[in-house]
Each structure stands twice: as C-alpha cells, then as structure tokens.
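Colleague: Quick one: the structure is below, questions incoming.
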Amino acid sequence: MSLRSHNDFTFFLAFFLLSFCITALELTLIRSFAITSFYHFSHLVISLALLGFGSSGAALFLFFPFFHRTLRSVVSWGTCLFALCSVFCFQSALALPLDIQYVLFSKSQTFLLFLYSLLCFIPFFLGALVIGIIIIEHSNIVHSIYSVNLFGGGFGSCGIILLMFLFPLENLFYGVATLAIISATLFAWAHPAPLDPAGEFNSIIYSGKLKLFLPSLISFLILLFCFGYAPLKLRPDACKDLAHMQNLEKQNEAFLVTSHYSPRAKIDVFDSPLFHHVMFASLAASAPPPGQMAILSDGNLLSTPFKINNPENARILTYTPTELAYRLKRPASVLLLGESGGADVWLARLHGAEMITVVQSNPQICDLIGNTLSDSLGNVFKGSDIKLVCSEPRIFLEKTTERFDLIKIVSLESPAAGVSGRQSLHENFMMTVEGISQALETLQPGGILTVTRGLQSPPRDNVKILATFIEALEKIHVEAPPNHIMQIRNYLAACTLASSAPFSPEDLKELRAFCNELFMDIAWAPDLRSDENNRFDIRQGPPGESCCFYHYAARQLFQKDREPFYASWAYHVKPATDDKPYFFDFFRGRSLPSFVKGYGNQWFRRLELGYVVLVISLLFSILAAGFLIIFPLILGRRKREGKIKNPAVLVYFALLGVSYMMIEMVMIQKFIFFLGDPIYSASMVLTGFLVFSGLGSLSSGKNAVSFDKGIRNNIAIILVVGVSYLLSIDPLLRAFIHFSLGIRIILSLFLIFPLAFPMGRPFPLGISLLRQYLPCNIPLAWGVNGFFSVIASTLAVMLSMSFGFMNVILCALVSYLLAGSVIFYYRSLWKQ
C-alpha cells in the first residue's frame, strides 16, 4: 500500500509513535524497577505489557459496537490517557509500601502486589486498546498497519536505550508521555480511513474538528504542571544500600560525590568517614582499614575503593582469603575479572606483580575509577603495570591470547552479584562450566584461578563454585582434579582455588601455615586429614559427621558419581552451563517442606527470591489473563451465539503467541553471551525481531490469493531456519565473538533477520483469513494471542532455567508446526 496523501502519512506517523511509546515505557519501567526494587520485576513488566494487549482484545470483542461508534474519541482520549498514566500510575505504584519478601506471609502485602501490578498494567491496556481498534478498523490493510506497529516497537526499544545515555530515568517517563500526546495530536490532525471495496480511501474515520485536539491540550497542561510542581522521583527499596546511603546523607554523615546514568546501570558514588568495608578480613587482622568511598550500581553496593596512594596502606588485604593465592604463586602477571574498585589491584601491587590486567564490563566504572575519581583513589587504574580492558570477562577470555599466573573472578565477591537469591534469574556466562574451563586454559603452567564468596546457611554458592571447578577441570581433561583444588574458609567467606598443575607438597605446607596464621579452616586440600577440618570457625555438618558441610560436600563432589549428591542437597548446586547459564539459580521446590519444618515462619527467607518472584509472576499472569481475557471472551461468545462454530481455528493464534514469545525471549538470553551485555542484547534482539517481523508483515499483503497457503509456506520456512539455528547458532556466535562490539551488533541483526522476517507473516495472514470468513472474531483472535503471549513470556524463562535454551527453541518450533497443522487439517473450518 502506498501513502496517498499527507494525512495518510500523518496517521501512520501517529500510529508509529504510539507503538514506539509503549515499548519505550516497557523498557523504562524495567530499568526503573532495577533501581527502586530488584530486576526480577522485568518479567512482570513484560507479562503486564502483553496482558494489556490481550485484555484489550477481550474488551474490543465485548464492546466493539461502542468503540466503533465512538472511534474518534476512543483514539484521542485513549492515547492521551495512556500518556498520563505512563507517569502517574508508576508514581502511585512507587508510593505503595510493598515488600516482596513478605508476599507469602502477609495478606496486605499480597494485596499491595496486586495493586502495584494493576497500576503498571493500566497504561499498557490503554495503549493496546488504541492499537487494537485501529488494526481492527483497518483489517483490510492489516499487513501495513501491523508492520507499522512492529516498526514502532522495534525503534522504541532501540531509541529509548539511546535516550538512557542522555537523560535520567525520571525524565524519560515524561518524554514517553510527551511523545504519546504528540501521537494523539497527529491522530486528530490526520484523516486516515481503510480502503473501500474499490480500493480508494474515504475520509470517514477522523474529522478535523477542534474538539479532537482538546484531549491533547488538556493532557499536556496536566503533564507540564505535574513536572514542575510534583515531579516523579525514584525511591529505592528501604532494604537497598542506596536507601541507607541517602539516610546517611540526610544526617550529614555521607555525601553524594557523583551519579551517572546509562542503560546498563545507574552508578552512585558516596563518600563518608564511616566507610570501613573490607571484604572478608580475618579476625587476626592488625592493619587498620583505609578511608574509602562506596560505589553503588542500581542501588546495590558494588565496591568500596580505597582512598590511598601507596600499596602499603592496603596491607589489611593480606588478611583476606585471597592472600593465599599470592603466597602460593608469587605471580608476575595477574588478571582481575570484574574488578570495580581497585582493592585487588593494590593487593597485586603489594606482592610485586609486574603486569595487572583489569577487565571491567561497565564503561562507566572504567571512566569513574580511571578518570573522574582517579586523583582521590591514588590513580589505581593508571600506571605502567596496569592494562585496563573494558569488556565482558567471558568475551575477554574468548578473545585473548595472553596467559596469566593468577586469575581472580572479582565480580563474584560483590553483594550485588547475587544476594538473597535476587539475581537468580540473571545469566552469568563467566560462572558456567565452559566459562571456568576457558579461564583455566588461560593460565600459565602452574597458574591459579581463584574465587572468594561469602558464606551462606545452608551452604550453596561455594558448594556450586567447587562443583563448577571440578567439572571444568574434567572438561579440559585434567587427571585427578582433587589434586588441583583447594578450598579454605573463615567465619565470613570461602575461597576456592584451582591450579593448572597439581598442588605440590610445598604448596600444601604453605596452605597450612597460612590457615594457622589467619585462623582459617581448610574445607578441601589434596592431603587433608580429618582432624584439620572445622577447627577455628566450627560449623554444623551432617548427622554423625565431625566435619562441616563444606568438607562433606567436597568429599561427595569428588566421587565418580556425584548425581546422588546433587539430587539430595537442599539447594540446586549442579554447575551452570552455557545452555543454562544461571549460576545464582539455587531453587529446589522439593526442599520447601524441609525449610518450613526447619525454619518455621522464616522459611520464606531461605528461598531463592528471584525464582519465587518468577513463579508469582507466572501465577499472576495466568489468573489475570484468565480473568481479563479468557472470561470476557467466553462471556462475549455467549452473547454472540453462532458467531464461532468451531473454536479450533483460534488454536492457531494461541500457538503463534507461544512460539513467537518463546523464540524472542530465548534469543535475548542467547545474545547476552555474544554482545556481552543484557541491555545491548535486549535492545538489539527486540529491535531486530520487531523491525524484521514488520517487514515480513508488510510483504504478507502479496499473499492475497491464498492466505492459508501463505501461512503454511511461511511456517515451513520458519521450521527450516529454526532447525538450522539449533544446529549452528552456537558455533556461529563463537566464530564471530572476536570482532568489535559494533561489528557484533551488525552481525546480530544479520543473524536475526532470516528467522524474524518469516515470523512476522503468519499473524497478519491469519487475521486476513479471519476477515475473509469470520471478521467479527478478529478481536477474539487478538485476545487469545495476547493471553498465550503473556504466559509464554514468563514460561520461556522458567523452561530455559530447567531445560536449557535449545530445548525451549525446539518447543517453539513444535508450536509453529502445530499451528501449520491447524491451518492444513482444519482449513475447511475457517469457511464454516
């Protein structure tokens, strides 16, 4: 379809902007929740956005005669209400005293979660309602309308990421609202109408009356007033470190040094004489901690850099578990993966390291430590002995040809890396069997890989680290892994070390001297005696055992068959892999009765909150979608008895919703490894899928002769390309990972195109087929597709964590195959 007038272009521009705003609001909410609460609400936001689209279809199905009569008012007021609710609903949600930790304990907290979700749902419902009614009214050119909708969503996901580099998140809500008001103004200005049977446009939908501009004017004045007199402010959860720092600031005991915004994270730097934070120092420490700053990422403490100029002032670090690696190796070359404050740089310098390579994935941190705060922090990231690399640690290991005497995974020490299970849904490709294997192969002969992690009760993180190290050594065909591993602990943390060569008798002698000096217990050593375990920090072990759980776990993990141990442990401690890269996923449902019995009314605190929130999101999505989508559709069907003679045709739209969302969600997770950042991955995959699917939708208008044949052909293409992806996507990503980020982004779009383009065609072709035989049920198809998209968005993540990315893609392809079968075997039903 070509644009035939200025007003046609204005209409499509307005529709594009509205779609842009909905996707932009979704990503803005996700980033805001990462600061105000925890990142797991991202899955809830995605579900709520899709729920808005599904429930709008149900509303249109029930009340379409009313919406059709009042079309101009619905479009104008609906778009403007979306704009206002984008700001005010989120502002109201922030005012609720919701604490997700008590949702299963308190009925009031459960109600607050429902209210919180409802407030976030409203703007998506309003925006989707306008989009839905426009698509239905223009169903004869659905391929063009749907493609503009996808284009807007695609560019919205990319455009809002760029804006996050320039503006604080609070202002982006107002920016999205302003663009939506502009969209409403353009709708009022335009005179679009569907093609009549003769193929000509008639201007019967929108008039140029002044009253159509009134909603835009009123909305803009309200928005302007609130921006000036009651601006939106992001308030962090009271349990977050940022809230504590802000309280200190109010008491004049700390002050904010600087803040930086980006799509990756909001970085805040505070200074205070009260900061004396040293990770896991022994009680034997005699050196005082130096003055420090605090760096927070999205409200969580990331690091506490020392305000010193001399390595001697960092001598307190020699009382931490990491010191053991330096005493064993005396390294000349050190690699620090994820270093964000410089403390480990000072320790390496204290031991005379000749070259220290710091790998930090966040450019903001590199700039802060290397430039903005450099003078205050003693130029810790500068000097002839420092090489600063801004890269994701796993990607650096894949690309580097250097070899190191000592490698430390620093990022795992940070509480922000995963506290109380709140990061269990985050992918971590460094802490997979393949990632640790790559690190071990980057060591010099006799080099050491080390990780220090805080203790938990019951034990989980350090047990999983040890299991990952063991399986990584086996993966690179190391003989006798028990001779290559040590694990020590004090009352705060455990340090796990793996060597590319067996530890020597001299190493074991040094180990014992170090532990005796700093009152540390040996959890595992190649020649550990039973009386050497559990001496200083005496901890509980299994019934009938004198050892602690850490030593018991090590003994079981070094057995030839460790599967019974994995099955019996209270937490999920089986190592993560690149296909299931969820290192912080420790949830095990069958342990729930034991937690309830052992911890009483505190059992909920022992669960992995991330997975719990995911389960709550899924249950909420099912209940809400059933109430807001399926129930109204059933009610509407009764009111329109005879309109649907066989509901089997709607299975097609349900399967499309499941398939599309599963593939899109998994691709976002897969490309995190390739692009090295979840924000870049989400932006590029969403942009690629929506834009290329939009192109596919636009081209689907050429299938006017046989819609059902066009559907079957496109699904066949999807299946062929999808199977090719299953066989080749991992080797392709590894082959191209050595290129620069810019080239990898371009390559990502090239890799996405062959699958996304045909995936954009089955939905508009199905709508065209419905319009030909059952036009009154187009809203029904819209609602059913939305319902199953809601479920699939959360279910895809849960299935990925349990069965792996490739199996989820396989499930999606089976769903597409079933959708094609519905068209083939039930094509006669479309005509009944």
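Colleague: Label residue 773 and residue 110 with points 7 Å out from Cα along Cα→Cβ: what is the distance between them in nm?
Modeller: Modelled inter-label distance: 4.4 nm.
Colleague: Now for a separate question. Based on Cα positions only, what radius of gyration and what Dmax would you give for the stretch 273-321, in angstroms?
Modeller: That works out to 11.3, 34 Å for Rg and Dmax.
Colleague: Sorting check: for 122-128, 273-279, 815-821, which peptide has the highest mean count of neighbouring beta carbons within 10 Å, and how do the rest follow? Don't jump to the answer; show the numbers that get you there.
Modeller: On the way: 122-128: 25.9, 273-279: 15.3, 815-821: 20.1.
The peptides rank, most packed first, as 122-128, 815-821, 273-279.
Colleague: Mind checking the full-extension length gain between residue 480 and residue 627? Use 0.36 nm per residue of separation minus the Cα-Cα distance, one decimal, nm. Present the calculation step by step, with values, prior to reporting the outcome.
Modeller: Numbers: separation 147, 0.36 × 147 = 52.92 nm, distance 5.80 nm.
Taking residue 480 through residue 627 to full extension adds about 47.1 nm, to one decimal.
Colleague: What are the extents of the Cα atoms of the stretch 30-100 along their three principal axes, listed from largest to smallest and rounded to whole Å?
Modeller: 43, 21, 19
Colleague: At a 10 angstrom cut-off on C-beta neighbours, averaged per residue, how do the peptides 377-385, 742-750, 176-184 rank from highest to lowest?
Modeller: Details: 377-385: 18.1, 742-750: 15.2, 176-184: 25.2.
Taking the mean over residues of other Cβ atoms within 10 Å, the ranking is 176-184, 377-385, 742-750.
Colleague: Given the pairs 475/580; 580/670; 266/670; 399/464; 329/408; 408/670, which span a C-alpha to C-alpha distance of over 20 angstrom in this model?
Modeller: Details: 475/580 17 Å; 580/670 10 Å; 266/670 24 Å; 399/464 26 Å; 329/408 13 Å; 408/670 25 Å.
Among 475/580; 580/670; 266/670; 399/464; 329/408; 408/670, the Cα-Cα distance tops 20 Å for 266/670; 399/464; 408/670.
Colleague: Per-residue ellipticity at 222 nm for the chain, helices alone: DSSP H runs ≥ 4 residues times -39500 (n - 2.57), over residue total, nearest 500 deg cm²/dmol?
Modeller: Values: 27 runs with 453 residues, N = 832.
Value at 222 nm, helices only: -18000 deg cm²/dmol.
Colleague: So, one more: Taking +1 at the Cβ of each Lys and Arg and -1 at the Cβ of each Asp and Glu, which of 285, 362, 187 sits farthest along the dipole of the chain towards its positive end, judged by Cα position relative to the Cα centre?
Modeller: 187
Colleague: Could you give each residue of the stretch 715-727 its phi-based ³J(HN,Hα) in whole Hz, using Karplus coefficients 6.51, -1.76, 1.60 with θ = phi - 60°, and x for Gly or Pro?
Modeller: 5, 4, 5, 4, 5, 5, 5, x, 5, 4, 4, 4, 7
Colleague: List every residue whose amide H lies under 5 Å from the amide H of residue 446, counting only residues 5 or more places away in sequence or on a different chain, with H placed 1.01 Å from N in the peptide plane.
Modeller: 500, 501
Colleague: Using alpha-carbon positions, what is the distance between the centroids of the stretch 788-817 and the stretch 353-381, in Å?
Modeller: Rounded to whole Å, the Cα centres lie 41 Å apart.
Colleague: Amide H to amide H under 5 Å from residue 306: which residues, 5+ apart in sequence or cross-chain, H placed 1.01 Å off N in plane?
Modeller: Residues meeting the criterion, in which the H sits 1.01 Å from N, are 343.
Colleague: Rounded to the nearest angstrom and ordered from largest down, what semi-axes does the equivalent ellipsoid of the stretch 268-427 get from its C-alpha gyration tensor (root of 5λ)? The partial results should precede the final answer.
Modeller: On the way: eigenvalues 86, 83, 56 Å².
Equivalent ellipsoid of the stretch 268-427: 21, 20, 17 Å, largest first.
Colleague: How much length would be gained if the chain were fully extended between residue 221 and residue 250, taking 0.36 nm per residue of separation minus their Cα-Cα distance, in nm to one decimal? Present the calculation step by step, with values, prior to reporting the outcome.
Modeller: Values: separation 29, 0.36 × 29 = 10.44 nm, distance 3.37 nm.
This chain segment gains 7.1 nm when fully extended.
Colleague: Which semi-axis lengths, in whole Å and largest first, follow from the square roots of five times the eigenvalues of the Cα gyration tensor of the chain? All intermediate terms of the calculation are to be shown ahead of the outcome.
Modeller: Numbers: eigenvalues 542, 169, 119 Å².
The three semi-axes for the chain are 52, 29, 24 Å.
Colleague: Using the crude model of +1 on Lys and Arg Cβ and -1 on Asp and Glu Cβ, and no other charge, please compute the dipole size for the chain relative to its Cα centre, in debye to 20.
Modeller: Working: 62 positive and 55 negative charges, 591 e Å.
It comes to approximately 2840 debye.
Colleague: Then there is this: From a point 7 Å beyond the Cα of residue 277 in the direction of its Cβ, which residues of the stretch 485-508 have a backbone N at a distance under 12 Å?
Modeller: none
Colleague: How big is the stretch 303-359 in terms of Cα radius of gyration and Dmax, in angstroms?
Modeller: 10.5, 28
Colleague: Still on this structure, please answer the following. Where does the stretch 64-156 land on Rg/Rh, using Cα atoms and the Kirkwood Rh? Write down the numbers at each step before the final one.
Modeller: Working: Rg = 17.2 Å, Rh = 15.3 Å.
That ratio is 1.12, to two decimals.
Colleague: I've got another one for you. Using just the Cα positions, wrap the stretch 444-490 in a convex hull and report its mean projected area in square nanometres, one decimal place. Walk me through the numbers before you get to the answer.
Modeller: Details: hull surface 15.1 nm².
Mean projected area for the stretch 444-490: 3.8 nm², to one decimal.
Colleague: Keeping all protein chains in place, calculate the accessible area per residue for the chain (probe 1.4 angstrom), answer in Å².
Modeller: Numbers: 31460 Å² over 832 residues.
So the chain comes to 38 Å² accessible per residue, rounded to a whole number.
Colleague: If I compute solvent accessible area with a 1.4 Å probe over the protein chains, what percent of it on the chain is carbon and sulfur? Kindly include the intermediate steps, with their values, before the conclusion.
Modeller: Numbers: 19470 of 31460 Å².
Taking all protein chains in place, the chain shows 62 percent carbon and sulfur surface.
Colleague: While we're looking at this one, here's another question. Could you work out the percent of alpha carbon pairs in the stretch 729-794 separated by over 15 Å, rounded to a whole number? Walk me through the numbers before you get to the answer.
Modeller: Numbers: 1463 of 2145 pairs.
Of the Cα pairs, 68 percent sit more than 15 Å apart.
Colleague: Here is a further query. Quick one: Debye curve from the alpha-carbon atoms of the stretch 233-316 only, equal weights, vacuum; give me log10 I(q)/I(0) at q = 0.21, 0.23 Å⁻¹ to two decimals.
Modeller: Computed log10 I(q)/I(0) values: -1.01, -1.13.
Colleague: How large is ³J(HN,Hα) for each residue in the stretch 285-292, as worked out from phi by the Karplus curve 6.51 cos²θ - 1.76 cosθ + 1.60 (θ = phi - 60°), to whole Hz, x for Gly and Pro?
Modeller: With the stated coefficients, the stretch 285-292 comes to 4, 10, 6, x, x, x, x, 9 Hz.
Colleague: Within 10 Å, count the other beta carbons around each residue, average over each peptide in 143-151, 784-792, and list them highest first.
Modeller: Numbers: 143-151: 24.6, 784-792: 27.2.
So the order, starting with the most tightly packed, is 784-792, 143-151.
Colleague: In the chain, once you exclude exposed GluC sites (Glu not before Pro) (DSSP loop, at most 15 other Cβ within 10 angstrom), what's the longest stretch remaining?
Modeller: On the way: sites that count: 200, 253, 354, 402, 479, 545, 641.
In short, 1-199.
Colleague: Which of 484, 13, 519 sits farthest toward the positive end of the charge dipole of the chain, with +1 on the Cβ of Lys and Arg and -1 on the Cβ of Asp and Glu?
Modeller: My answer, from the dipole projection, is 13.
Colleague: Another question about this same structure. Expressed in whole Å with the largest first, what are the equivalent ellipsoid semi-axes of the stretch 462-581 derived from the C-alpha gyration tensor as the square root of 5 times each eigenvalue? Show your work: numbers first, answer last.
Modeller: Numbers: eigenvalues 102, 69, 31 Å².
They are 23, 19, 12 Å, listed largest first.
Colleague: Let me ask something else about it. What is the gain in length, in nm to one decimal, between residue 229 and residue 63 on full extension, counting 0.36 nm per residue of separation less the C-alpha to C-alpha distance? List each step's numbers first, then the result.
Modeller: Values: separation 166, 0.36 × 166 = 59.76 nm, distance 3.81 nm.
My answer for the length gained is 55.9 nm.
Colleague: Please give the FRET efficiency for residue 750 paired with residue 492, using the beta carbon to beta carbon distance and R0 = 45 Å, rounded to the nearest 0.05. Working shown, then result.
Modeller: Values: r = 48 Å, r/R0 = 1.07.
Computed FRET efficiency for residue 750 and residue 492 comes out at 0.40.
Colleague: Here is a further query. Quick one: 3J(HN,Hα) in Hz for the stretch 116-130, Karplus 6.51/-1.76/1.60 with θ = phi - 60°, rounded, Gly and Pro as x.
Modeller: So the Karplus estimates, Gly and Pro as x, are 4, 5, 4, 5, 6, 6, 4, x, 5, 4, 5, x, 5, 4, 5 Hz.
Colleague: Nothing charged except the Cβ atoms of Lys and Arg (+1) and of Asp and Glu (-1): what's the magnitude of the dipole of the stretch 326-410 about its Cα centre? Round to the nearest 20 debye. Walk me through the numbers on the way to the answer.
Modeller: Details: 10 positive and 10 negative charges, 65 e Å.
The calculated dipole for the stretch 326-410 is roughly 320 debye.
Colleague: Let me ask another. Of 687, 739, 426, which is farthest on the positive side of the dipole of the chain, counting Cα position, with +1 on Lys and Arg Cβ, -1 on Asp and Glu Cβ, and the Cα centre as origin?
Modeller: The residue sitting farthest along the positive end of the dipole is 687.
The values are calculated or read from the model by the stated rules, or taken from the named source; none is laboratory data. As the structure is a computational prediction, the values presented were derived from the model and not from experiment. So basically every Cβ, Gly included, is an ideal-geometry build from the backbone, and we count neighbours across all protein chains shown. Protein only, heavy atoms only, side chains kept; ligands, DNA and RNA dropped before computing areas. Shrake-Rupley method; radii C 1.70, N 1.55, O 1.52, S 1.80 Å.
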